[in-house]
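The values are calculated or read from the model by the stated rules, or taken from the named source; none is laboratory data. Given the structure is predicted, the values throughout are model-derived calculations rather than measurements. Neighbour counts are summed over all protein chains in view; Cβ atoms, including those assigned to glycine, are modelled from backbone coordinates with ideal geometry.
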Amino acid sequence: MGTETQAAVVDITKDIAESDVIMWEVIVYFIAGLLILFILDWYAIYKIGGKQRPGYQMLRGHRGISVMIMAAFTVVIGMLCLTMDFTVTRGTLTYFGLPYLLALVYYMVKVFRRVRAETKGRKL
């Protein structure tokens, strides 16, 4: 085995994320996602006019769906990390943030559409 091949093998093993790194990254994504979700929620309360308004009440289900998507993905990855030695490459690890991004974009679209409908007086 040549020195170039040995160096390539060493570089590949350095780019592998183990269970503890994966779990920490998923937890950071979850916490950051919840913070952004609650900031969006606060924005909706502020723009619509209060928690008791029907326009805001319609967002409760969508917020629940977003939180369930983020929590379910966190639990699934957590169980994989706890039950087996789960390893992925660092490149693959970046895609673990995709479900959190999709949940936030879903809620963001619903909030901004609801705020626009409430401020313009339209029904959505």
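Observations
- Test result for Thr87, out of contact with any Leu (no Cβ under 6 Å at 6 or more places or on another chain), among the polar types (S, T, N, Q) and surrounded by 13 or more Cβ atoms within 10 Å (Cβ to Cβ): yes
- Any hit, segment 61-84, residues being out of contact with any Phe, Trp or Tyr (no Cβ under 9 Å at 6 or more places or on another chain), of a type in the set (Val, Ile, Thr) and in contact (Cβ under 8 Å) with a residue 40 or more places away in the chain: no
- Restricting the first member to segment 18-33 and to residues that are without any contact (Cβ under 8 Å) to a residue 60 or more places away in the chain, and the second to residues that are assigned to a helix (DSSP H, G or I), the beta-carbon pairs closer than 6 Å and six or more apart or on different chains are Met23/Cys81.
- Scanning segment 89-117 for residues that are under 15 Å from Lys47 (Cβ atoms) and basic (Lys, Arg) turns up Lys110, Arg113, Arg114, Arg116.
- Condition met for Val26 (modelled with pLDDT of 90 or more, part of a helix (DSSP H, G or I) and touching a Cys at 6+ places or on another chain (Cβ under 9 Å)): yes
- Matching residues, segment 73-124, being of a type in the set (A, V, I, L, M, F, W, C), assigned to a helix (DSSP H, G or I) and touching a strand residue (DSSP E or B) at 6+ places or on another chain (Cβ under 6 Å): Leu93
- Subset of segment 34-55 [assigned to a helix (DSSP H, G or I) and either touching a His at 6+ places or on another chain (Cβ under 8 Å) or touching a residue at least 24 places away in the same chain (Cβ under 8 Å) (or both)]: Leu34, Ile36, Leu37, Leu40, Asp41, Tyr43, Ala44, Lys47, Ile48, Gly55
- Residue among Leu37, Leu93 that alone is of a type outside the set (D, E, K, R), touching a Phe, Trp or Tyr at 6+ places or on another chain (Cβ under 7 Å), crowded, with 16+ Cβ neighbours inside 10 Å and closer than 30 Å to Asp20 by Cα: Leu37
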